[in-house]
Amino acid sequence: MYHQYVFTAHYLFIALLAILSLNMFYRRQHLSLSNQWFLRLCLSTLLLLSLEILSWYFESAPEAGYRRLHIIFKYIFYLSNLLVPISWLIYIDIKIFRSPERLRKLGYYSLFLLLGVLLLTVNLSTGWIYRITAENVYTSNFTGVIGFTSYLFFIILAPVFLIIRSRQKIDRDIFLAVILFTGLPLTGAVLQITTRSTLLVWNSVALAVVSVYIFLELSSLTCDPLTGLNNRKQIEEWLLFRTASSGKNRAPFTLIMIDLDDFKQINDRFGHEAGDQALIHFSHILKNSVKTRDQVSRFAGDEFLIALDSAGEESAELVIGRIRDRLSRFNSKGITPYTIVCSCGYAVYSPERYDNYAMAIKEADDKMYEEKRKRKEFIKRQLC
């Protein structure tokens, strides 16, 4: 009965992770690259919890005839310990940088797995981490286990360095997810050391995986997969709520429509991946130019829609000026071989002025295209 008590949480998390995995596997044809790696993270955690339960049966029945099978099992079990942190590291890398090309260049992530395989293979002859005695009894070397565990936590901590390095362009949800995924296993490890009758490390990891699902994967249903901004459906639901509500929720607000000028030329000249990167760079500029309560969305293609919680032309001009200033500074750094230029238009929505939010969007859109037309005429006169 003791093992049933110890592994109760394992069974619960296995069931929960199985449900999440089956749901994502069912939608596998529609999964983004980050979704696919989150699925791998779920599956590797599920595998590890299952193997940890099986390890009890091997250790509680030390018949010598099962020694070879026990050796193979322990090798697979320790090897599976590496799959979770490595899947987590790659998943967060994709979430932060949103660049499959960059990930292909970062092949050294596989070195974490290769080094782990080397350590575990050497252990078979040295027993520096663990050994299976001739009587089929599992014994661990405290120093070796601490060293191997430290190696695992080093990989788990690696995303912290990624968010520190890229702190200017990461979403708050990614930051919170990384903190949770780092803090929960560390807490579980400390509790397991002080309470040796319980197995908490991988349960803590499973809890962290579920937390990441809540913070990042669920939000992806309402986000544009490329830029991480709200998608069109999400912004339209927000607009519908604001225009259909009563009382203070029906207060006026400001819409800003933005379009990238000559975006097609970036795609044609530098390729579609460069075009995707231009959209990602610009989305970071937009997110950093507004307040937390404001809504920023990718409306269609290279068009973006911002809904400011405040109303007034001054608010619109202030945000547009902030966007242009940040965009100018970005272009001056020469990060990309192209220059990003945008056109903007805005409209201040109020129930008295518009029958619905679509009319306000159209006015902002018309002003944006009017600015685009004036810019083209100005450039044409300069060239003449």
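Worth a mention:
- Candidates Leu157, Leu82, Leu89 - the one that is touching a residue at least 12 places away in the same chain (Cβ under 8 Å), touching a Gly at 6+ places or on another chain (Cβ under 6 Å) and closer than 27 Å to Leu207 by Cα: Leu82
- Qualifying position, being assigned to a helix (DSSP H, G or I) and open to solvent by 40 Å² or more (accessible area, probe 1.4 Å), among Arg329, Arg353: Arg329
- Taking region 272-309 as the range and being closer than 16 Å to Arg322 by Cα and assigned to a helix (DSSP H, G or I) as the test, the residues that pass are His281, Phe282, Ser283, His284, Ile285, Leu286, Lys287.
- Some residue of region 251-258 being among the small types (Gly, Ala, Ser), part of a helix (DSSP H, G or I) and either closer than 21 Å to Trp238 by Cβ or touching a residue at least 12 places away in the same chain (Cβ under 8 Å) (or both): no
- Residue check: Phe112 meets all listed conditions (1) assigned to a helix (DSSP H, G or I); (2) touching a residue at least 40 places away in the same chain (Cβ under 8 Å); (3) open to solvent by 60 Å² or more (accessible area, probe 1.4 Å) but one, namely (3).
The values are calculated or read from the model by the stated rules, or taken from the named source; none is laboratory data. These figures come from a predicted structure and were not determined experimentally. Quick reminder, even Gly has a Cβ in these numbers, built from the backbone with ideal geometry, and neighbours come from all protein chains shown. What goes into the accessible areas is simple: the full protein's heavy atoms, side chains included, and nothing from ligands, DNA or RNA. Shrake-Rupley method; radii C 1.70, N 1.55, O 1.52, S 1.80 Å.
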